[in-house]
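Step one of this worksheet: look at the structure below.
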Amino acid sequence: MLRQFHKMHGLGNDFVILDARDAPLAMDAGLAARLADRKRGIGCDQLILLEPSDSADLRMRIFNADGSEVESCGNATRCVVKLTGARDIETAGGTIHGDVTGAEVEVSLVEPRFDWDQIPLAYPMATDPVPMGWENLERPHAVNVGNPHLVFFVDDLDDIDIEGLGPGIETDPTFPERINVNVAQVTGEAIRLKTFERGAGLTLACGTGACATAVAAIRAKLVSSPVTVTMPGGSLVIAWAPGEAVTMRGDATHVFEGTIEL
Ligand SMILES: N[C@@H](CCC[C@H](N)C(=O)O)C(=O)O
């Protein structure tokens, strides 16, 4: 069957979006990984499937490039808000609210969680910071913003071999659901960030990674809210106060529309 898809990106973090609200589509890890493959498929960091929702405007399912289905994706949510005009989006990580504000899209994720079993970690342990290290990356802050993140604050981001260290941290047995790995440098009142994403590797930007990093930095009083987080693909403005949901504002870009035989 021929299916229409949209290729979009948020700061270079790219998506293939399939709208299955009117015509159901059976997605599994194998098909998602094939479509995400940049040589054999269409190519993207995450495959996004839109389905009907009973509680929100639509339901968004998120598959990483390796085929794993996950709970949340900040950059894709901004793209879906721009594409569909949806305001309330159901995800496995909670309902996300979105709004188009001029050329940008603002989304409000869930309230961050910090307990060891909410990240989740495999054992009861402090999360702020986690008393562990991997070579020159030590004592990360663990934050769940709908999906699980570790945030390492370093003096010089350019000194860190994130592609070398990322796979071992992502799959460390301490993290039973694997984990997204963020390495951040605070520069005055802003943050520089690179993210090694669970199931997708190093990406040009990670929206939930930017949120988790900003939350960890605000909690540690390294910066104040709102804060600009700059990634290789561009910047997001993140706002958060304790006890509230974290919000993110930034670009969402439609690249092209195509069809594929499924
Ligand atoms: N790129 C995303 C996050 C996608 C999911 C993540 N890799 C995970 O496994 O949790 C974003 O913009 O938030």
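Here are a few things to note about the model shown:
- In region 133-244, Cα pairs under 8 Å separated by at least six residues give a relative contact order of 22 percent.
- Its convex hull of Cα atoms gives the chain a direction-averaged projected area, equal to a quarter of the hull surface, of 13.2 nm².
- Dipole moment magnitude, nearest 20 debye, the chain about Cα centre, only Lys, Arg, Asp, Glu C-beta charged: 380 debye
- GNM result for the chain, Cα springs below 10 Å: residue of 67, 188, 85 fluctuating most strongly: 188
- Considering only 218, 188, 247, the residue lying farthest towards the positive end of the dipole of the chain is 247, judged by Cα position with unit charges set on Cβ.
- Take every pair of alpha-carbon atoms less than 8 Å apart whose residues are at least six positions apart; their mean separation over the length of region 1-112 yields a relative contact order of 20 percent.
- Sequentially through region 189-205, phi angles give Karplus couplings (6.51, -1.76, 1.60; θ = phi - 60°) of 9, 10, 9, 9, 9, 10, 10, 9, 7, 3, x, 9, x, 5, 10, 6, 6 Hz, Gly and Pro residues having no value and appearing as x.
- Around the Cα centre of region 133-244, unit charges on the Cβ atoms of Lys, Arg, Asp and Glu (plus for the first two, minus for the last two) sum to a dipole of about 420 debye.
- Fraction of antiparallel bridges per DSSP, the chain only, in percent to nearest 5: 80 percent
- Ordering of 221-231, 23-33 by packing is 221-231, 23-33, highest average first (other Cβ atoms within 10 Å, averaged per residue).
- Structure remark: mean-square fluctuation, Gaussian network model of the chain, C-alpha springs under 10 Å; the largest value among 187, 213, 77 belongs to 187.
- Normalised contact order of the chain, rounded percent, pairs of Cα under 8 Å and 6 or more residues apart: 21 percent
- Centroid-to-centroid separation of region 129-150 and region 180-207 [C-alpha atoms, Å]: 12 Å
Rule-based calculations on the coordinates, nothing more; no lab input. None of the values given here were measured: they were computed from a predicted structure. We place every Cβ from the backbone using ideal geometry, glycine too, and count neighbours over all the protein chains shown.
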